[in-house]
Protein chains: 2
Amino acid sequence: MPIDHSSKQYDHDLEEIRSNFLLMGGLVESQFQEAVACFQTGKASDADRIVKADEKVNRLEIELDDACSHLIVRRQPAANDLRMVMATIKAITDLERIGDEAAKIARTARTISERSVISINHYEAIRVIAQRAGDMLHGALDAFARLDQKNPLALIAQDQAVDHEFRTVLRTMITFMMEDPRTISVALDIIWVSKAMERIGDHAKNIAEYVIYIVDGKDIRHTGYGLPKQDVVA
Amino acid sequence: MPIDHSSKQYDHDLEEIRSNFLLMGGLVESQFQEAVACFQTGKASDADRIVKADEKVNRLEIELDDACSHLIVRRQPAANDLRMVMATIKAITDLERIGDEAAKIARTARTISERSVISINHYEAIRVIAQRAGDMLHGALDAFARLDQKNPLALIAQDQAVDHEFRTVLRTMITFMMEDPRTISVALDIIWVSKAMERIGDHAKNIAEYVIYIVDGKDIRHTGYGLPKQDVVA
């Protein structure tokens, strides 16, 4: 296959990958926001639609991976551009997993709404963590779009806030379960949903770390910019 | 930078990536097996060692990603070889996450051993899922080593067995919690550990799917070889 060194075509291919990544990111973000709303309303038809939307995210994952491979083979990117492609290849996986978590939240919303007795205000229990995870996801996609990660410390703080919120939900649910064993099933569902949100925060953090890798060329995974890493339960 | 088209050097670089991937896989597998053993013995010093070993896995992740980038830039692999590199780049992330899950299991083992009252035989509760997840991980690494995925259906069956086992543990723990609220904390710990094992099974499945992609050039993620996909709780 002849190698096209035309920089115009090359830039076009890179830009297409970037814009399709952001398209996938936008889809995943709506999927998450709709799953949170569905958790509040409990509408089964909404849950079905959100779960269904995950198929499109899965297709986009495969298409984008394929586009990245093609770009590498056909355009043979130099180190700088390859950083962007490598980071995108990794971040695609995070987006796909966020889609999975959103679908899980929607499925759990359906399960909860089908229960005859709901003794816990389940939406109130996850409201704060949903807000924080959503903000993080939005921030990470925004950083990717603008290739701008001004404040990595703010990102770490956000991730720690999501983890903190998860532990709060966990403690609250344990209290409910201890006081009234009839709440055990719904409390566990709420814990799973909070866990999904905590993981969405982790994936958003991964994406933001890849942005730093693209922009600064620094791989700061596992180093946490020199800050101590906090453990999250489970 | 001059491009070295020497196929000997090229093969050497590819082989080095492969063998380092398998080295990382071996480390992660021991980390998992030791975490399971630690869950049985509850030795805090073992738990600390396993958590510490995760740092080495994290370093290997960064080094291997870097080696893959270098190979792409310096050797400009053709489509066939690039498939191997792309699959490795993706699978590295799975190995690293398996390491994280093993570290979580070790931390929970420590927590449980520190509890004054343990009213559930916690090791017995996770024995079967640990065995199944361990077999899957071993099989996936073996398939990667031999670039041989003879029986994708067997792999799906294994993953479904792990998922099934997770649901069994979950149901059992709910029963314990319902009958005696004092078991709630330890039952939740057991659920987290089973969840970590269920996720290790998922990562092993991902790795096996990448092997199929390397060998057959088919991206069978999300299609499940045409078999219906099963939902796992949470």
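General observations
- Think of each Lys and Arg Cβ as +1 and each Asp and Glu Cβ as -1; about the Cα centre, that makes the dipole of the protein assembly as shown roughly 620 debye.
- Number of partner chain Cβ atoms within 10 Å, mean per residue of B:166-175: 1
- Distances, shortest first, from the label point of A:Thr41 to those at the same position in the other copies read 5.5 nm; the point lies 7 Å along Cα to C-beta.
- Listed residues A:Leu141, A:Met173, B:Ala161: farthest to the positive end of the dipole of the protein assembly as shown (Cβ charges): A:Met173
- C-alpha long axis of helix A:152-179 to longest principal axis of chain A, angle in °: 20
- Viscosity 0.692 mPa s, temperature 37 °C, Stokes-Einstein D of the stretch B:1-97 from Kirkwood C-alpha radius, µm²/s: 222
- For chain A, the longest principal axis of the C-alpha atoms and the axis of helix A:184-216 are separated by about 20°.
- Extreme residue, positive dipole direction of the stretch A:92-221, given options A:Thr183, A:Ile220, A:Ser194 (C-beta unit charges): A:Thr183
- In nanometres and ascending order, the distances from the B:His222 label point to those of the other copies are 3.0 (point 7 Å from Cα along Cα→Cβ).
- Taking the average, over residues, of other Cβ atoms within 10 Å as the packing measure, peptides B:22-28, B:174-180 rank B:22-28, B:174-180 from highest down.
- Averaged over the residues of B:182-193, the number of partner chain Cβ atoms lying within 10 Å of the residue Cβ comes to 3.
- Partners for B:Lys52 among aspartates and glutamates (Cα-Cα distance below 14 Å; same-chain residues under 8 apart left out): A:Asp231, B:Glu34, B:Glu96, B:Asp100, B:Glu101
- Rounded to the nearest 0.05, the FRET efficiency derived from the C-beta distance between A:Glu179 and B:Ser113 at R0 = 30 Å is 0.65.
- Label distances, nm, B:Thr168 versus same residue in remaining copies, Cβ-directed 7 Å point: 3.9
- Per-residue average of Cβ from other chains inside 10 Å of A:28-36: 0
- Radius of gyration over Kirkwood radius for the stretch B:7-226, both on Cα atoms: the Rg/Rh ratio is 1.04.
- With R₀ set to 30 Å, the beta-carbon distance separating A:Glu63 from B:Lys52 gives a calculated FRET efficiency near 0.15.
- Mean residue ellipticity, 222 nm, helices only, the protein assembly as shown: the sum of -39500 (n - 2.57) across DSSP H runs of n ≥ 4, divided by residue count and rounded to 500, is -29500 deg cm²/dmol.
- C-alpha long axis of helix A:44-75 to longest principal axis of chain A, angle in °: 20
- Extreme residue, positive dipole direction of the stretch A:1-66, given options A:Cys38, A:Val28, A:Gln9 (C-beta unit charges): A:Cys38
- Placing +1 on the Cβ of every Lys and Arg and -1 on the Cβ of every Asp and Glu, with nothing else charged, gives chain A a dipole about its Cα centre of roughly 340 debye.
- Alpha-carbon centroid distance for the pair the stretch B:76-129 / the stretch A:16-57, whole angstrom: 28
- Where rotation carries A onto B, the chain A residue whose Cβ is nearest that axis, in whole Å: A:Gln76, 2
- Summing charges over all other residues whose Cβ lies under 13 Å from the Cβ of A:Ala145, with Lys and Arg as +1 and Asp and Glu as -1, gives -2.
- P(r) for the protein assembly as shown, from all Cα pairs and a bin width of 20 Å, is 24, 59, 17, 1 %, short bins first.
Only the coordinates and a few stated rules stand behind these numbers; no lab work does. Being a predicted model, the structure only gives us computed values, none of them experimental. Here the Cβ is made from the backbone with ideal geometry for all residues, glycine too, and neighbour counts use every protein chain on show.
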